[in-house]
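Shown next, in structure tokens, is the structure this report addresses.
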Amino acid sequence: MATSNDPDHFFQTSSSLELNARRAKKSSNTHGHPIRLPSKILAVIADPLDNGAIYVAESAGTARRVVLDTGSKSEVFRSPTSTAPLTSLALSPSAPLKTLFAASWDKTIHSWDLATRMPSRRFAGGHTDFVKSIVTTKIQAKDLLISGGADALIVVWDIISGAKLQVLRSGHSRGILDLALDPESPAFAIPAAQHEPETSIHLFTASSDRTIRRFALTFPGPGPTAEVILSEIDPSTPLIPHETSIYALRFSFSDDSDLWTASADGFAKCLSRARHWVADTELVHGDHVRAIVVDDVGGLIVTGGRDEEVKVWDQGSGELVCGYEGHFDEITGMVLVGERREVVSVGIDASVRRWGLRRGELERVRREREERGRGGDGEEEDENEAGKQEMEGKAAGLLTEEEEKELEALMQDSE
């Protein structure tokens, strides 16, 4: 029997038809210099060796290097054994960069040689559900890969040997959505060769149970019996800054080194290190916030999510500077391209788009939107206040529904 993924072949509600019609109409826009890929994009990281390129993870199970100026997307990384969606990317922690890693729905982590794009080691046997986030780091000259999954497990891997060094049940009651390494970790203050046994790296984890937990990673080596030790910091008091799922964690690299968060409750928040991670700034994006970027040089915060809009905020005042429109489906990731003064966004619409962060350009975009608003039914409503009104009364505990929607949306992609 023939099967189809065409939504026109199925019963749809009037609201679904309206949504599809709106997205179809919006899909032809060229805002943000779109580069279109064959499948939904679920994650993005910068290429540290090329300010004009990024790496993306796709729902079709491929990773890809994209050159922003030319639109080249021919450098593709494929697994010979899996086409499951890829959810997170990381690069090897030691120079020269040799390996690209990708977390997968197949419960493993794939890797490729950057120069040849040939598959390398596959990290398997650690997770029992989707791998949602990965990071790489180095401690006492040991290269480590750390993964967090929908099974709420954290797994520490030896990159060189592929060995599974530790599997830790995180304490989260639901899946881990993001991992972030604290730039103020003791181990980052001195060269790896000078690390003492007690030197630690601090890991922050975000979950769909609305909490953030903190862990210390130590390695007492060298020696044949030395083991990596990952232990939770103050497990009885996790951070609870949001009402529901926390999608993203990003540290500021300014003197304060505060932690910024993005949540399904529609807020992005700054957790102050000086105030022991109490939220001191709230940005009301107005819908599920899936991605956040901290631009310390420009003093800006950028958020993106389900409402398809890239919003730029003043980091000091928390005021909305401007919004960029172009995506016609949910934004899933963003990355700062610092020297270019641009932020790159990716989304379910399978497009890569980039947006200027220079103050002059932001002011021009803001004025143009205000003029369009006055030319219509009146001046546009202040978006920050509108977001607050939209979020009033929103209930917590939407995890199951959100994960079901994520699964449904991704499985519609037959590529």
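A few comments on the model shown:
- Pick from the stretch 265-288, criterion in contact (Cβ under 8 Å) with a residue 60 or more places away in the chain, within 15 Å of Gly318 (Cβ to Cβ) and in contact with a strand residue (DSSP E or B) (Cβ under 8 Å, 6 or more places away or on another chain), ranking: surrounded by the most Cβ atoms within 10 Å (Cβ to Cβ): His285
- Count of residues meeting criterion [under 16 Å from the mean Cα position of the chain (by Cα) and either modelled with pLDDT under 95 or under 16 Å from Gly71 (Cα atoms) (or both)] in the stretch 316-342: 1
- In the stretch 181-198, the residues that are modelled with pLDDT of 80 or more, touching a strand residue (DSSP E or B) at 6+ places or on another chain (Cβ under 7 Å) and part of a loop (DSSP other than H, G, I, E, B): Asp182, Pro183, Ser185
- Count of the stretch 84-113 residues which are more than 18 Å from Gly126 (Cβ to Cβ), more than 19 Å from the chain's Cα centre (by Cα) and either not aliphatic (A, V, I, L, M) or not in a loop (DSSP other than H, G, I, E, B) (or both): 5
- Any chance Val294 is of a type in the set (A, V, I, L, M, F, W, C), within 30 Å of Ala21 (Cβ to Cβ) and part of a strand (DSSP E or B): no
- Just one of (1) without any contact (Cβ under 8 Å) to a residue 60 or more places away in the chain; (2) farther than 15 Å from Ser252 by Cα; (3) part of a strand (DSSP E or B) fails for Ser317. It is (3).
The values are calculated or read from the model by the stated rules, or taken from the named source; none is laboratory data. Note that the coordinates shown come from a computational prediction; the quantities given were computed from them, not determined experimentally. Counting neighbours? That spans all protein chains shown, and the Cβs are built from the backbone with ideal geometry, glycine included.
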